[in-house]
Amino acid sequence: MEELVYVISGSPQVEPLRGKYRIDFLLDRCVEVAAQCSGYENPFGVVAVFLSRYGNGILTYNEASIEMFVRLSAEEIASQNFREYATEVDEAISRFQAKQTQRRISVVSETQAIIRAEPHELESQGQPQLPPSPEDLADPLSSVATASLAVSSALRKSLIAAGLSSAKEVLDFHIAKGLASLDGIGITSEQYILDAIASLTEGVGKPQNLAPGEANQGA
């Protein structure tokens, strides 16, 4: 319910009232509305309709009025027009998640490219390098077992059941078919898995910046 209170109190209908009325009185009204809205399946949708239809009069409502207007708002989100709007919202979220997934895949691919790069390629970019170790040249995701990924056990079981035994295999499968195509994995779960894989590559394979003259020490 806390998030609902912040949404209501920060809305264009309520926020301008701050400074004009006692803050405790104003927030008490916001909490009453949030409490009523939280009892519905889509509380944020109810809040959105309530604010747009009845938000300007929030300070004049008693508890019974708030209950009535919240109920009317809940009935409105069950209408066909609102369902169509909700579908558009879901599609916008899906588009955003797809972009985020593509960005994370790009980060992983770039990191792998850095790890595989020959020393002279990195030096040609003006970045002094220490001699690469065998571990640096290996694909770090290949050595990460799927069973050790920082996701729920249910998601790990789904990945292992699909024959994906390493983080690299998981990523390769996602690029080819999408993890959401597996049983037990949806769009949100897919994002959790990709986030876990992306976190494995943070700071790995990045060129080591040496202080001036340090590259020649010990020669």
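Quick notes
- Here is the figure for the stretch 189-201: residues that are assigned to a helix (DSSP H, G or I) and touching a residue at least 60 places away in the same chain (Cβ under 8 Å) total 7.
- Residues (assigned to a helix (DSSP H, G or I), surrounded by fewer than 19 Cβ atoms within 10 Å (Cβ to Cβ) and of a type outside the set (A, V, I, L, M)) located in the stretch 157-176: K157, E169, D172, F173
- In the stretch 43-59, the residues that are over 13 Å from V7 (Cα atoms) and without any contact (Cβ under 8 Å) to a residue 40 or more places away in the chain: R53, Y54, G57
- Scanning the stretch 1-51 for residues that are in contact with a strand residue (DSSP E or B) (Cβ under 9 Å, 6 or more places away or on another chain) and farther than 24 Å from F82 by Cβ gives a single hit, L26.
- Taking the criterion of being part of a helix (DSSP H, G or I) and aromatic (F, W, Y), the residues of the stretch 1-56 that qualify are Y6, F25, F44, F50, Y54.
- Residue within the stretch 98-114 that is at pLDDT 85 or above, surrounded by 11 or more Cβ atoms within 10 Å (Cβ to Cβ) and of a type in the set (D, E) present: no
- When R18 is tested against (1) surrounded by 11 or more Cβ atoms within 10 Å (Cβ to Cβ); (2) under 29 Å from the mean Cα position of the chain (by Cα), just one condition goes unmet, and that condition is (2).
- Criterion applied to R83, R104 was being part of a helix (DSSP H, G or I), charged (D, E, K, R) and in contact (Cβ under 8 Å) with a residue 12 or more places away in the chain, and the one residue passing it is R104.
- Remark: V70 falls outside the filter, which requires a residue to be touching a strand residue (DSSP E or B) at 6+ places or on another chain (Cβ under 7 Å) and modelled with pLDDT of 65 or more.
- Residue among L51, L27, L59, L17 that is over 30 Å from A180 (Cα atoms), at pLDDT 85 or above and in contact with a Phe, Trp or Tyr (Cβ under 8 Å, 6 or more places away or on another chain): L59
Each row is one residue, and each column tells you yes or no for (1) farther than 20 Å from A98 by Cβ; (2) at pLDDT below 90.
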site: L122; (1), (2): yes, yes
site: K157; (1), (2): yes, no
site: A162; (1), (2): yes, no
site: K177; (1), (2): no, yes
site: D183; (1), (2): yes, yes
site: I187; (1), (2): no, yes
site: A198; (1), (2): no, yes
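- Search result, residues across the stretch 66-97 that are small (G, A, S) and either at positive phi or surrounded by 14 or more Cβ atoms within 10 Å (Cβ to Cβ) (or both): S73, A74
- For the stretch 170-188, the set of residues classified as free of Cβ contacts under 8 Å to residues at least 24 places away in the same chain and more than 18 Å from the chain's Cα centre (by Cα) consists of D172, F173, A176, K177, S181, listed by residue number.
The values are calculated or read from the model by the stated rules, or taken from the named source; none is laboratory data. Note that the coordinates shown come from a computational prediction; the quantities given were computed from them, not determined experimentally. Neighbour counts run over all protein chains shown; Cβ positions are idealised from the backbone, glycine included.
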